[in-house]
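Have a look at the structure below, then the notes.
Nothing in this text is a laboratory measurement; each read-out follows from the coordinates by a stated rule. These figures come from a predicted structure and were not determined experimentally. Ideal geometry is used to build each Cβ from the backbone, glycine not excepted, and the neighbour counts take in all protein chains shown.
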Amino acid sequence: MPAAAALSPDILAKYEPVIGLEVHVQLLTATKIFCGCANKFGSDPNTNICPVCIGLPGALPVLNEKAVEFATLASLAINCTVNPRSIFARKNYFYPDLPKGYQISQYDKPIAEHGWIEVPTANGSTKKIGITRLHMEEDAGKSIHDGFSDSAKRTYLDLNRCGTPLCEIVSEPDIRTPDEAFEYLTRLKEILLYTGVSDCNMEEGSLRCDANVSVRPRGQEKFGTKAEVKNVNSFKFIRAALEYEIERQIELIESGGRVAQESRLWNADEGRTYSMRSKEQAHDYRYFPEPDLPPLILSPEFLERRRAELPELPEARRARMISEYDLNEKDARTLTASREFADRFEAAARTAKNPRRVANILLSEIGGRLNALGLEQEHSPVSMAGIVLAADLLETGVISSKQLKGLLDIAFDKREDFPAVYEREKPQQITDTSAIEAMIDEVIAANPKQVEQYRAGKTTLAGFFVGQVMKASKGQANPALLNQLVTKKLEG
Ligand SMILES: [Zn+2]
C-alpha cells in the first residue's frame with residue numbers, strides 16, 4: 001500500500017488503530033419506504049417518483065410494513081435487541097438530491113440496538129464485534145455530474161432512489177485492523193444475504209460502507225481524532241483505504257502534526273484518501289421527531305413471527321454441515337457461500353445413498369474441473385441430480401472412482417450432464433469373479449512383502465491390493481466385488 005512515506009514496523013507498532021464501520025443496506029421491498037413507488041434499480045431517471053418521495057408540500061408518508069419486517073429480521077440476525085417502540089426523526093440538511101430538505105431517519109430511538117457478530121482473528125480464534133444500533137431511514141436521490149454534453153456546467157438529478165428503504169448498521173469501535181474490518185463486512189453481508197432482506201449488490205449501491213478510523217498510542221485509553229472514509233465501493237478497497245489512512249495518521253502524529261476530524265474520499269487509482277470537507281457535527285442536522293409518523297410499535301406477536309422466519313445463519317449452518325458431511329472448514333465455506341447454493345446442495349445430498357459422497361464429488365471432482373476452466377458453479381454442465389447419480393453409482397460399486405473421473409471428463413468436455421454421459425458411455429465392467437481372482441493372484445504373487453505385513457495385522461494394506469488390481473484392470477473391475485475378493489484372498 002503506498003503510504004505517504006514508508007514507516008518502520010517499530011513506529012507502526014507503537015500505535016493501535018481504532019475502527020468503526022457504518023453500513024447502509026437497501027432493503028429488497030417491492031415499493032419504497034413511505035410511498036407506493038417501485039423500489040427498483042436501473043429504471044429511466046425520474047420515473048419511479050411521486051409527490052411523497054419528492055417531498056411536495058402536503059404529501060404525507062405512510063410506512064411500508066414490509067420494510068419494518070426486513071429491518072426486524074436483519075436486527076435479529078445480527079443479535080440486536082429489537083425495541084418494541086422506536087421513533088422516526090427528521091434529519092435536516094440541504095442537498096440537491098434531497099428535495100424535501102430532510103431525510104426521514106431514526107435518531108435517539110432506533111428500531112434495534114446492542115448486537116454483535118463474530119469474526120475470525122489473525123491468531124485463529126474469533127472475536128465479537130459489537131453493533132451499536134440498526135436504524136431505518138430513507139435513501140436520497142442521485143446527483144449525476146457527468147455523461148451529458150453540458151455536464152461541465154450542469155448537474156442532473158435522478159430522484160428514483162429517493163425513499164428507497166435503508167437500514168444503517170453502526171458498529172462499535174471494536175475493530176483493530178483492516179483485516180478485521182474486511183472480515184466484519186464479509187460476515188455481515190453474508191448474514192444479510194441469508195436473511196434475504198437485501199441483494200447487497202455493491203456495484204448498484206445496495207450496500208455502502210463508511211469507515212471511521214483513528215489511531216492512539218498503545219496502552220492509551222482515550223481515542224484519537226477520527227477521520228471518516230466515505231463511500232468506498234468494495235471490501236477490498238475499504239481494507240486498502242484503512243491501511244493507507246492508518247499510516248497517514250501515524251505519520252502525521254509522528255511528525256508533530258494533528259489529525260483533523262474530517263471526511264475523506266478514497267481514490268482507488270492512486271491508492272490514497274483525500275480530504276473532502278470538515279465533518280458536520282451531529283447537532284447540525286437539527287434532528288426532531290417526524291410529526292407525520294406515529295411512533296413505530298412492534299407487538300410481541302410481530303417479533304415472534306420474525307423470529308420464526310429467521311433462517312439458519314451461515315455460521316451455524318457451517319458448523320452443522322461440517323459434522324453432518326464430514327467437511328473441513330474451507331469446504332464448508334465453499335458449500336455455504338450462498339444460501340441458495342447450500343439449499344440446492346443439501347436438498348440433493350439428502351436424496352443420495354451417502355450424502356458425504358455428494359459433497360466429495362461436488363467439491364473435488366466438479367470444483368476442480370470448474371476451477372481449471374475458470375467457470376462458476378452455476379455454469380457447471382453437471383447438475384446436482386447428476387452428482388447424486390454419480391455418488392450413488394460410486395457408493396454401490398457400480399463404477400470405480402477412476403471410471404467416474406473418465407465420465408466427468410467427457411461431461412465437461414462435451415458440456416453434457418452426467419446422466420446422459422453415463423447412459424451412453426456406460427463403462428464396461430469386469431464382474432466375472434474368476435477373472436478378478438486371477439488378477440488378484442498375480443498382484444499377491446508380485447508383492448510378497450505386503451502380503452506378509454497384511455497377515456501380520458496391517459489390514460489397511462487391503463487398499464493397496466485393491467488399488468493394484470484396479471490398475472491392472474484399467475479401472476474396470478467391479479469395485480464392490482474386488483474389495484470382497486481381495487479380503488477373501490488375503491485372509492485365505
Ligand atoms: Zn413515491
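So which pairs qualify, if the first residue must be in the range 44-56 and more than 7 Å from the ligand (Cβ to nearest atom), the second must be of a type in the set (Asp, Glu), the Cβ gap must be under 7 Å, and the two must be at least 6 apart or on different chains?
Short answer, once both residue conditions are applied: 45/158; 46/158.
Give the number of residues within the range 187-226 that are part of a loop (DSSP other than H, G, I, E, B), crowded, with 20+ Cβ neighbours inside 10 Å and among the hydrophobic types (A, V, I, L, M, F, W, C).
1
Residues in the range 165-185: is at least one within 16 Å of the ligand (Cβ to nearest atom), within 30 Å of residue 51 (Cα to Cα) and not polar (S, T, N, Q)?
Yes, there is a match, as at least one residue in the range 165-185 is within 16 Å of the ligand (Cβ to nearest atom), within 30 Å of residue 51 (Cα to Cα) and not polar (S, T, N, Q).
Looking at (1) on the phi > 0 side of the Ramachandran plot; (2) over 14 Å from the mean Cα position of the chain (by Cα), which is the only condition residue 215 fails?
So the condition that residue 215 fails would be (1).
Having 2 or more residues that are under 23 Å from residue 367 (Cβ atoms) and in contact with a Leu (Cβ under 8 Å, 6 or more places away or on another chain) is the bar; report the helices (runs of 4 or more DSSP H) wholly within the range 394-492 that clear it.
The helices (runs of 4 or more DSSP H) meeting that bar are 401-414, 418-425.
If you scan the range 57-70, which residues turn out to be within 15 Å of the ligand (Cβ to nearest atom) and either touching a residue at least 40 places away in the same chain (Cβ under 8 Å) or within 10 Å of residue 161 (Cα to Cα) (or both)?
Passing the criteria: 60, 61, 63, 64, 67.
Being surrounded by 20 or more Cβ atoms within 10 Å (Cβ to Cβ), in a strand (DSSP E or B) and of a type outside the set (Lys, Arg) narrows it down to one of 119, 68, so name that one. Break it down into steps so the answer makes sense when it comes.
Numbers: 68 fails: in a strand (DSSP E or B).
Answer to the check: 119.
Quick test for you: out of 150, 158, pick the one residue that is within 16 Å of the ligand (Cβ to nearest atom), surrounded by fewer than 23 Cβ atoms within 10 Å (Cβ to Cβ) and either of a type in the set (Phe, Trp, Tyr) or over 19 Å from the mean Cα position of the chain (by Cα) (or both).
Only one candidate qualifies: 158.
Among the residues of the range 96-134, which ones are small (Gly, Ala, Ser) and within 30 Å of residue 154 (Cα to Cα)?
101, 105
Only one residue in 472, 462, 420, 480 is surrounded by 14 or more Cβ atoms within 10 Å (Cβ to Cβ) and within 41 Å of the chain's Cα centre (by Cα), so which one is that?
Residue meeting the stated conditions: 420.
Which ones in the range 228-245 are in contact with a Ser or Thr (Cβ under 7 Å, 6 or more places away or on another chain) and either buried (at least 21 other Cβ atoms within 10 Å of the Cβ) or charged (D, E, K, R) (or both)?
228, 229, 230, 241, 244, 245
Going by the conditions given, is residue 184 surrounded by 18 or more Cβ atoms within 10 Å (Cβ to Cβ), out of contact with any helix residue (DSSP H, G or I) (no Cβ under 8 Å at 6 or more places or on another chain) and either touching a residue at least 24 places away in the same chain (Cβ under 8 Å) or not in a loop (DSSP other than H, G, I, E, B) (or both)?
The answer is yes for residue 184.
Restricting the search to the range 1-43, which residues are in contact with an Asp or Glu (Cβ under 6 Å, 6 or more places away or on another chain), more than 16 Å from the ligand (Cβ to nearest atom) and not aliphatic (A, V, I, L, M)?
Across the range 1-43, the qualifying residues are 22, 24.
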